[in-house]
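Report on one structure; see the data block that follows.
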Amino acid sequence: MKYKFLSIKYLIVLLLLLSLTKVMSQKIVRGPYLQMASPTSMTIRWRTDMPTTSKIIYGITKNNLNQSKSDDSPKKEHIITIDNLIPNTKYLYIVETGNTILSSADIFFITPPLIGTEQTVRIWALGDMGMGTDVQSKVYQQYLKFVGNNYTNLWLLLGDNAYAQGYDWEYQQRFFEYYQTDRLMMQTAIFPSPGNHDYTPTTNRVIEDPILDYFKIFSMPTNGEIGGVPSKSKAYYSYNYANIHFVSLDSYGIEALDKYLYSPDSKQMKWLEEDLKANKQKWTIVYWHHPPYTMGSHNSDTEIDLKTIRENVVPILERYKVDLVLNGHSHNYERSQKIKGHYGLEATYNPKVHTFGSSNGRYDNSPNSCPYVTDSKSPESQGIVYVVNGCGAANGGGQVTYPHDAMVYSNNKDGGSLFIEVSGNRLEAKFITEDGSIKDQFSIFKDVNKKTELKLEANQKSLLLNASWAGTYNWLHDNSKIEAVSVSPNVTTKYIVQDNQKCLQDEFTVKVATTYTLKDFNLTVTKSGMAIDWLTTQERGIVQFTIERQSQNGEFKPIAVIPTKTKNQFSDKNLFYRYLDYVKSEEQTVNYRIKTTDNEGVSYYSNIKSVNTVLNITD
Ligand SMILES: [Fe+2]
C-alpha cells in the first residue's frame, strides 16, 4: 500500500511538473517591439516559442488599463495594431500571450502628436548595428545613459541591421537579443531601412524577394498611413512625426533587369519625387544605407552604387529642400558641411562652390562654430548635411583619401550612434560614442535672423517681441536674457536680440501709432512777456511741439521748439508744458498756435489763441 501511495504521489508531482514545464516553455523570445507609430495607432509585435493567442491590454492610467485587443488564433508571430488612440499621450500596455503575461512600469509608449505640431522630438539613428559585438552593446548602453529619462520618439535603422546575411536567426541573435534587453525596444517605434547585408540571401538583389527576412520582420507604412504619398512597397516609404517628414529609401534592391531602385525611371525614384513634392512639413530627413559621400570603409568615388546614388538621388533631394540625410554602410562616422551641387568625385569638391558659409555648424562656443541657418521660404535649397553613421557595432577602415574633403568631422576609431533632437525650428544632432563621449555635434536653425517691422497701435499699450529661435538670448536695449520681451516705445524704435554666441540676431523695428490730446492751451500776459501753457494726455509718438506766432504779414513763424517730456515711454498722465515768449510784439493783439510733430514727421496744429497784450497784463 505504501508503494502504491507513493507512486500516486509521484504521478501527481510528475503531472504538475509537466504542466509547469508547458507553461514555462511558452515564452516571449522576441520583442515586444513597436512599429508604425501614428498619432492614433500603434502596432505591437512579438514572437513566442510556441503558437499561442495574442492580446494587448492598454490604457492611460496605471490602475485602469481598460482597453484591449486580441487575436485568438494561435501563432508564433504576433502582430496587434491598436487604434483610436489619443495623440501625444502615454499608454501603458500589457502583453498577454497564451499563459504568459508581460507587465512592467517600463512597458509603455507615447503616441506621436498630430502631424505638423511643433514639439521636441528625439530620434535615435543606428547603422550597421547587428553584428553581435561588444561595441554594439556599449553603443546601446551609452545611448540609454545619454538619453536618461527623456523619451525617444523614433528609432531609425540605417541598414545592414543583422550580419552577415540578414537571416531571421541573425536578426534574433544579433539584433533583438541585444536591444530587447532594455526598455527602448518596448517604448519606441522602429522605422527601418534595408542594407546590402539584408539582401544577401537573394540572388540579383530582387526587391522584396520572399526569401528576405527583413521584409517579414518589420511592418512599414506603405499606404501613407502616417502621411506622405503611399509607396505601396515595404522597401521604401515615408511618414510624418510632429513637424518632420521622414523618408526611408532602399538603396540596394533591383526592381527589374538592370533597373536599380535608384535608377532615374524606377518606381522608387518616381515615388520619391512625388512624395517630396507633396511634403509640407518644416523639416525633412531622408535615410537609406549607401552613402553618397564617404571615404571610410567604402569609397564613394569608385563604388558604382554610391556614385550613382549621388548622381541620381542627391539632385532630387536638393530640389525639394531636404535638410538632413543619414546613411550607414561605411563603418565610420562622417559628417559633412551643409553642401549643395556636388555630384562629382571627391577631387571636384570645392568648398567655395559647394558649401554655404565657413561655419562648422557645431555651435559649441568653439571658434567658427555658428549653427547652419536655412530659410525655408527661399525658392532654392540651401544645402543638405550628410551623416554616415555605420558604426553601431564597429568602427574602422579608411580609403587612401580618408577623410572625405566634404566632411567637417570623420571618425574611424569609435563605435557610436546619432541622436537628433528637433524642437520647433531648431535641429540638434550629437554623435555619442561607445565610451559615452560626444565627439561631434551640429545644429541647424530655420527661419532665424529675422528683420521684422511691427506697429504699436493706438489701442495697444505694449507689444511682445519673440526671438525666432529656442536657445540663449541677450536683448541689447535692456540686457534681458529671456525669449520674449514686452516693449512700449514712444517713438519708432529698433530692438535687437542676439544669442550668447552672437551667431543669431533678430531685429524688430517697432513703429508707433500717434496718440495724444492737447488741451488747456492758454496765454498769460506778463510784464516781461507771454507765458504759453498747455498740457497733453495719452501722449505717444510725439517728438516735439513748435510754438508759432503770427507775424504782421499774417504768417505763423516758429519761435521755439519744445521737446516731448515722455522720455521714450507711453504716458497716460497729464504732462504740463510752458514757454515764455520774452519778445514783445508791436501788435496789441497777438496770435499763437502750437504745431505738434510725431515720430513719422506728421504735424498737427492746435487752435489759434489770441490775446490783447495791453488789456490783459496780469502781473
Ligand atoms: Fe553595407
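The values are calculated or read from the model by the stated rules, or taken from the named source; none is laboratory data. Because the structure is predicted, anything quoted here is derived from the model rather than measured. As a convention, Cβ positions derive from the backbone with ideal geometry for all residues, glycine included, and neighbour counts pool all protein chains shown. The protein model used for the area step is the full one, side chains on, heavy atoms only, and it has no ligands, DNA or RNA in it. Shrake-Rupley method; radii C 1.70, N 1.55, O 1.52, S 1.80 Å.
See the values below:
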item	result
Projected-area mean, segment 115-446, by convex hull of Cα positions, square nanometres	15.2 nm²
For a label point 7 Å along the Cα-to-beta-carbon line of N500, residues of segment 426-468 with backbone N under 19 Å	426-430, 438, 441-445, 467-468
Charge dipole (debye, nearest 20) of segment 23-111; +1 at Cβ of Lys and Arg, -1 at Cβ of Asp and Glu	120 debye
Neighbour cut-off at most 16 other Cβ (10 Å), DSSP loop, trypsin sites (Lys or Arg not before Pro), segment 111-202	R183
Sparse-neighbourhood loop sites, trypsin sites (Lys or Arg not before Pro) in segment 349-412 - DSSP loop, at most 14 other Cβ within 10 angstrom	K377
Spin-label pair S462/F576, simplified geometry with 7 Å Cα→Cβ offset, distance in nm	2.9 nm
Rg over Rh, two decimals, segment 52-179 (C-alpha only, Kirkwood Rh)	0.99
Extension gain (nm, one decimal) between K75 and T100, 0.36 nm per residue minus Cα-Cα	7.6 nm
Net charge dipole size for segment 427-482 [Lys, Arg +1 and Asp, Glu -1 on Cβ; Debye, nearest 20]	300 debye
Cβ-isolated cysteines (cut-off 4.7 Å), the chain	C391
Label-point gap, in nm, between D533 and N204 - each point 7 angstrom along Cα→Cβ	10.5 nm
Environment charge at S571 (Cβ cut-off 15 Å; Lys +1, Arg +1, Asp -1, Glu -1)	+3
Accessible area expressed per residue, the chain, with surrounding protein chains retained (probe 1.4 Å, Å²)	44 Å²
R0 of 22 Å, Cβ-Cβ distance N368-K439: FRET efficiency to nearest 0.05	0.80
Low-density loop positions, trypsin sites (Lys or Arg not before Pro), segment 215-262 - DSSP coil, at most 14 other Cβ in 10 Å	K232
Dipole of segment 191-345, positive end: most advanced residue of G253, G195, S231 [Cβ charges, Cα centre]	S231
Gyration tensor (alpha-carbon) shape descriptor, segment 176-313, a/c threshold 1.5	rounded
Prolate/oblate/rounded call for segment 23-111, Cα gyration tensor, a/c under 1.5 rounded	prolate
Residue-averaged 222 nm ellipticity for the chain, from DSSP H runs of 4+ at -39500 (n - 2.57), nearest 500	-3500 deg cm²/dmol
Shape category assigned to segment 283-329 from the gyration tensor of Cα positions, a/c cut at 1.5	oblate
Longest site-free stretch - the chain; sites: GluC sites (Glu not before Pro), DSSP loop, at most 10 other Cβ within 10 Å	1-379
Environment charge of N474, counting only residues whose C-beta is closer than 9 Å and scoring Lys/Arg +1, Asp/Glu -1	+1
Cα-based Kirkwood hydrodynamic radius, the chain, one decimal, Å	29.2 Å
Over 28 Å between alpha carbons, listed pairs K76/K138; K76/K270; K69/K216	K76/K138; K76/K270
Label point distance in nm, E600-H477, each placed 7 Å from Cα along Cα→Cβ	1.8 nm
Axial C-alpha extent at least 30 Å, average Kyte-Doolittle at least 1.0 - helices from the chain (DSSP)	2-25
Solvent exposure, largest accessible area first (probe 1.4 Å, DNA, RNA and ligands not counted), of K502, K90	K502, K90
